Structures are given as structure tokens and as C-alpha cells.
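Asker: Shown below is the structure under consideration.
The values are calculated or read from the model by the stated rules, or taken from the named source; none is laboratory data. What you are looking at is a predicted structure, and each value in this text was computed from that prediction instead of being measured. Methodologically, a virtual Cβ is constructed for each residue, glycine included, from the backbone with ideal geometry; neighbour enumeration extends over all protein chains shown.
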Amino acid sequence: MDCGLFLALTPADFSAAAGYFSISSIDKGEAIFSEGDAGTFMCIIHSGTVSVQKRNGEGKPVETATLRSGRAFGEMAVLDGERRSASCVAASACTLLNLGKDSLDKMLNEAPKVAAKIIRAIAIAMSKRLRMMDGQVLAQQE
């Protein structure tokens, strides 16, 4: 599985982290979470594709991204405790690795070095996305 979050993890780190994740199977068309929900978990796509959607001014969902295998999502809410900024729907049948906020907190206490590597990888991924968005905003202003 190609997952940028785990590139920094050694096999021992991976083994230590694995017990904190749960696995779920989601059917095509099923909502994983909705915009405005409390953010209690993040996901990594093991297989399948996920549609990220935001409501427009009329309240209709508009797809903003399609995420593929290896991509993490839902991590902002797990880190900051805010409500979901978008909805995520299975665009195909998916297998997801889920990390709950409680499990992440537990990992921070029990395996802090591994948790720190995962949180750092999440921060880098979020930073890259923010830089891309900044570039898109700049391009639109020109």
C-alpha cells in the first residue's frame, strides 16, 4: 500500500501503530462522514476511491476532490477537534483504515515516538495541500 503517512515508519513502528487502527468496508455511495459532523476519526484509504464534497450556496453537494488508495482524509478534525469541513462519500467500494481521536491520544501515551511520526506526516500532508491551495488562489487572482 502506497501511503505517504507511513513512509517515515520503520517495520517496528508500523507494528506498534497497527493495533490502534480499525478496518472498515464501505459500500459505493455510502457516506463516511458528513460536513458539519463532529470529527472523531481519520481514515486512510487501503483500497477504493472517496469523493470529497462541500455544500455550495444552495446547499447542494459539489465534489472538490477524488481521493485514491494510500490517501489520508479526515485528519484535520481529529487534530483540532473542530467539525468536519467537508463530506466524504465512497465513490467505489472501499476498505479504510480508521484512527479514532481516542486511539491517537492513547498512542501518544503508549507509543509517543510512533504517534509523533504519524502526526508529523499528517502535518506535512496538510501543509502541502495548503500550499497547493495558496497557489490556486494566487493563479485565480492573476
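Asker: Report whether or not residue 86 is farther than 22 Å from residue 108 by Cα and in contact with a Cys (Cβ under 9 Å, 6 or more places away or on another chain).
Answerer: Taking the combined requirement at face value, the residue does not satisfy it.
Asker: Those residues that are part of a loop (DSSP other than H, G, I, E, B) and either over 15 Å from the mean Cα position of the chain (by Cα) or at pLDDT 95 or above (or both), I need them from the range 84-120; list them, please.
Answerer: 91, 92, 93, 111
Asker: Same structure again: Applying the selection to the range 41-91, what residues are buried (at least 18 other Cβ atoms within 10 Å of the Cβ) and of a type in the set (Ser, Thr, Tyr)?
Answerer: 51, 87
Asker: Also, I was wondering about something else. Any chance the range 17-33 includes a residue that's within 22 Å of residue 129 (Cα to Cα) and either of a type in the set (Lys, Arg) or in a loop (DSSP other than H, G, I, E, B) (or both)?
Answerer: Scanning the range 17-33 turns up no residue that is within 22 Å of residue 129 (Cα to Cα) and either of a type in the set (Lys, Arg) or in a loop (DSSP other than H, G, I, E, B) (or both).
Asker: Quick one: how many residues across the range 45-79 are in contact (Cβ under 8 Å) with a residue 12 or more places away in the chain and within 22 Å of residue 130 (Cβ to Cβ)?
Answerer: Residues meeting the conditions: 23.
Asker: Being among the hydrophobic types (A, V, I, L, M, F, W, C) and in contact with an Asp or Glu (Cβ under 7 Å, 6 or more places away or on another chain) is true for just one of 65, 86, 91. Which residue is that?
Answerer: That would be 86, the only listed residue that is among the hydrophobic types (A, V, I, L, M, F, W, C) and in contact with an Asp or Glu (Cβ under 7 Å, 6 or more places away or on another chain).
Asker: Of all residues in the range 55-79, which are more than 23 Å from residue 119 (Cβ to Cβ) and of a type in the set (Asp, Glu)?
Answerer: Hits for the range 55-79 are 58, 63.
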